[in-house]
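What follows is a set of notes on a single structure, which appears directly below.
What follows is calculated from the coordinates using simple rules that are stated; it is not laboratory data. Please read these numbers as outputs of a predicted model, since none were measured by experiment. Neighbour counts are summed over all protein chains in view; Cβ atoms, including those assigned to glycine, are modelled from backbone coordinates with ideal geometry.
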């Protein structure tokens, strides 16, 4: 498996751990449609349905994970989120709606594949951008 795919999977696991630590309830992961994918679908502690895009990289002095969220990718996430929301109205509170968040994960560990996500989270920086 290519290293960038491993880092992406590790980043999604770390993002889930981060969300759980912050009182989110995970509903689904890696939801796919023909044109796009949503990494994590969850509800925040206020009951808002949240579609989370995760961008993860090993810590670097010249790259940030946020730079990997391009407008084309965001359009695909939005389109997929609209479809999911329309197909699951029971998950959406009328007065709260839904939102898309970005979790940028920087992994500062030389061998992240061999460490538990709860422990690895200590070696990471997670930046949470709400309602992008």
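Normalised by the number of residues in the chain, what is the relative contact order in percent for Cα pairs under 8 Å and 6+ residues apart? Intermediate values should be presented prior to the final figure.
Numbers: 222 pairs, mean separation 35.6, N = 132.
Computed value for the chain: 27 percent relative contact order.
Sorting the segments 19-26, 42-49, 98-105 by their residues' average number of neighbouring beta-carbon atoms within 10 angstrom, most packed first, yields 98-105, 42-49, 19-26.
Per-residue ellipticity at 222 nm, computed for the chain from helices alone with -39500 (n - 2.57) per DSSP H run of at least four residues, works out to -9500 deg cm²/dmol.
Taking 25 Å as R0, compute the FRET efficiency from the Cβ-Cβ separation of residue 21 and residue 68 and round it to 0.05. Before the final figure, lay out the partial values.
On the way: r = 24 Å, r/R0 = 0.94.
Once the sixth-power term is evaluated, E becomes 0.60.
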